[in-house]
Amino acid sequence: MERETPEAAPPPTFLRGEEASSGSSSARARFERLIRRVQAEVCAALEAVEEGSGGGGVVFREDAWTRPGGGGGISRVLQGGHVFEKAAVNVSVVYGVMPPDAYRAARPDAAAGVEKAGPVPFFAAGVSSVIHPNNPFAPTLHFNYRYFETEAPQDAPGAPRQWWFGGGTDLTPSYIIEEDIKHFHSVQKQACDKFDPTFYPRFKKWCDDYFHIKHRGERRGVGGIFFDDLNDHDQETLLDFATECAASVIPAYIPIIERRKDTPFTEDHRAWQQLRRGRYVEFNLVYDRGTTFGLKTGGRIESILVSLPLTARWEYDHKPQEGTEEWKLLDVCINPKEWI
């Protein structure tokens, strides 16, 4: 397993050769510029919320790192804020070769026949974020947008090169506040509709299906959009689509945070939030493909596990009473609904 090397500051680019020039028009170079811009914009927006809420001085810590096999990343984490218990916005641009089991983690639907193949040359770049607020009435947000390329396995020359996009944005509240959820889904739909009217219903269902905690029989939250292995349009269109989706994160989420960050709450509300965060942990450690891929490729552990909340809770056989606000959230997680 490769171990990252800490860097004093992020390099201008993690790419090499001609793609490292600032004017490169390759998909790799353009996607790296996109994700680094998104990281900067989201971090600035979250710090502005902290500043406006009396949390001045609480800023993101930045760690830059490079990878011996090629590429690197930038991890930015804010902890112990007035509004946000923990927020992470990470970018990575990595390349080299990966073992077949990592390829199967990345593309389980397309990995048939590589069980006995050799290492697979790959390129992967993405921005990933999880934001856990303090207030139980302020929802957790997750977003991730990524671009992947693979070449033929080293002992199977002539197999086709593949590329695809993946990602999405989803909301995980502890309490159902329909105004917030409808706003969130409306912004996702607006981004999708600029490209294809089938995208939102298709990716909304995909999100509900993907974030399914199978051993609990419930979803992680109230969904959003999710897509993976996407290459059914031309590369330029999908790059523009990923750009539009990433640009929708701030307008989808910050207004909700501004409305809910100071809502009064009780210890019972907080305990329920902690139980729901336990479900978040279960999904991320058991089912999340990004976590699995990162662990199988020897990724940076602190960056891979940064999505986990600072605190979570498990109670034996906990069941909310039917008709309560907690029960309403659980019912939606078991029976996903259409919000718009």
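Expressed in nm to one decimal, what extension gain is obtained for the pair SER22 and ASP240 from 0.36 nm per residue of sequence separation less their Cα-Cα distance?
On the way: separation 218, 0.36 × 218 = 78.48 nm, distance 1.90 nm.
Extending this stretch completely gives an extra 76.6 nm.
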Practice prompt. With viscosity set to 1.306 mPa s and temperature to 10 °C, compute the Stokes-Einstein D of the range 225-335, Rh being the Kirkwood radius across alpha carbon pairs; µm²/s, no decimals.
Written response: 91
Worksheet item: For the chain, modelled as a GNM with alpha-carbon contacts under 10 angstrom, which of TRP164, TRP327, TRP206 fluctuates the most?
Response: TRP327
Worksheet entry | Extension gain (nm, one decimal) between ASP331 and GLU267, 0.36 nm per residue minus Cα-Cα | 20.8 nm
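Sum -39500 (n - 2.57) across every DSSP H segment of at least 4 residues in the chain, then divide by the residue count to get the 222 nm mean residue ellipticity, nearest 500. Don't jump to the answer; show the numbers that get you there.
On the way: 10 runs with 128 residues, N = 340.
Helix contribution divided over all residues of the chain: -12000 deg cm²/dmol.
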Discussion item. Residue by residue through the range 229-240, what is 3J(HN,Hα) from phi via Karplus (6.51 cos²θ - 1.76 cosθ + 1.60, θ = phi - 60°)? Round to whole Hz and write x for glycine and proline.
Written reply: 6, 8, 8, 8, 10, 5, 4, 4, 4, 6, 5, 5
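What is the percent carbon and sulfur in the accessible area of the range 151-251, measuring with a 1.4 Å probe over the protein chains and ignoring ligands?
On the way: 2130 of 4070 Å².
Carbon-and-sulfur percentage of accessible area, whole number: 52.
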Worksheet item: For ARG37 and ILE254 in the same chain, what is the full-extension length gain: residue separation times 0.36 nm, less their Cα-Cα distance, in nm?
Response: 76.4 nm
Item to complete: Kindly count the pairs of lysines across the range 3-332 whose alpha carbons are less than 14 Å apart, treating pairs on different chains or eight or more residues apart as eligible.
Response: 5
Discussion item. Run the paramagnetic zone check for LYS194: 7 angstrom along Cα to Cβ, then residues of the range 26-64 with backbone nitrogen under 18 Å.
Written reply: 30-42
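Ignoring ligands, DNA and RNA, what accessible area per residue does the chain give at 1.4 Å, in Å²? Each step should come with its number before you reach the end.
Working: 14770 Å² over 340 residues.
Computed with neighbouring chains in place, this is 43 Å² per residue.
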Discussion item. Suppose the Debye formula is applied to equal point scatterers at every Cα of the range 3-79; what is log10 I(q)/I(0) at q = 0.12, 0.16 Å⁻¹?
Written reply: -0.43, -0.69
Practice prompt. For the range 167-296, state the average projected area of the convex hull of the C-alpha atoms over all orientations, rounded to one decimal in nm².
Written response: 9.1
Fill in: Among THR198, THR13, THR66: highest mean-square fluctuation, GNM of the chain, C-alpha pairs under 10 Å
THR198
Worksheet, complete the sentence: When the charge dipole of the range 1-67 is computed with +1 on Lys and Arg Cβ and -1 on Asp and Glu Cβ about the Cα centre, the Cα farthest towards its positive end, among ALA20, PHE60, LEU46, belongs to ALA20
Worksheet, complete the sentence: For the chain, longest principal axis from Cα atoms; helix 199-210 axis from its Cα atoms; angle between them, nearest 10 degrees, is 80
Worksheet item: What are the residues whose amide H is under 5 Å from the amide H of PHE265, where those residues sit 5 or more places off or on another chain and H is modelled from the backbone?
Response: none
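Mind checking the dipole of the chain: about its Cα centre, +1 per Lys or Arg Cβ, -1 per Asp or Glu Cβ, Debye to the nearest 20?
My answer is approximately 320 debye.
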Worksheet item: Any idea what the alpha-carbon Rg over 2.2 N^0.38 Å comes to for the chain?
Response: 0.99
Item to complete: Using label points projected 7 Å from each Cα along Cα→Cβ, tell me how many nm separate HIS215 and GLU315, to one decimal.
Response: 2.1
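The values are calculated or read from the model by the stated rules, or taken from the named source; none is laboratory data. Remember, it's a predicted structure, so these values are computed and weren't measured experimentally. Counting neighbours? That spans all protein chains shown, and the Cβs are built from the backbone with ideal geometry, glycine included. Surface accessibility is based on the protein's heavy atoms, side chains included, excluding ligands, DNA and RNA. Shrake-Rupley method; radii C 1.70, N 1.55, O 1.52, S 1.80 Å.
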